[in-house]
């Protein structure tokens, strides 16, 4: 199973909501235009807009690496206006693990399912 599922949680810094939402809009445009191997990229927010979660699915680790290259500038901007925690579901490649070493990531390896 090479598909990866990502849940990334952003806690938006006080006074940075408008900037954060602008970054989301840019990232979504890039993903739509440039990333056919991104299978899901859905954003959700808490009632007060202080926390956002993006649920993502990628064909494989290479597709996620392509995504990171595509929206790298936006990721940097997100990190300036929010705190990030990422959960990865699946088995990322060694290259992906190395490329994301600076990001707080917890990996969950597939156990059992349908």
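No value in this document is a laboratory result; all are computed from the given coordinates. Keep in mind that this is a model prediction, so the values were computed, not measured. Heads up, the Cβs are rebuilt from the backbone with ideal geometry, glycines too, and the neighbour counts pull from every protein chain shown.
The table for this structure:
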{"item": "Angle in degrees between helix 17-34 and the longest Cα principal axis of the chain, rounded to the nearest 10", "result": "40"}
{"item": "Shape call, the range 1-65: gyration tensor on alpha carbons, a/c limit 1.5", "result": "prolate"}
{"item": "Neighbour-count order for 88, 5, fewest beta carbons within 10 angstrom listed first", "result": "5, 88"}
{"item": "For the chain, share of DSSP beta bridges that run antiparallel, in % to the nearest 5", "result": "85"}
{"item": "For the chain: relative contact order, % (alpha-carbon pairs under 8 angstrom, 6 or more apart)", "result": "37"}
{"item": "Over the chain: helical MRE at 222 nm, DSSP H runs n ≥ 4 each giving -39500 (n - 2.57), nearest 500", "result": "-11500 deg cm²/dmol"}
{"item": "C-alpha long axis of helix 72-81 to longest principal axis of the chain, angle in °", "result": "50"}
{"item": "Centroid-to-centroid separation of the range 1-38 and the range 52-114 [C-alpha atoms, Å]", "result": "11"}
{"item": "Two-decimal log10 I(q)/I(0) for the chain, as the Debye equation yields it once each C-alpha is a single scatterer, q = 0.17, 0.18, 0.20 Å⁻¹", "result": "-0.82, -0.92, -1.13"}
{"item": "0 to 90° range, to nearest 10: angle between helix 61-70 axis and the chain longest Cα axis", "result": "30"}
{"item": "Near-label residues of the range 25-65 by backbone N, under 16 Å of a point 7 Å along Cα→Cβ of residue 18", "result": "25"}
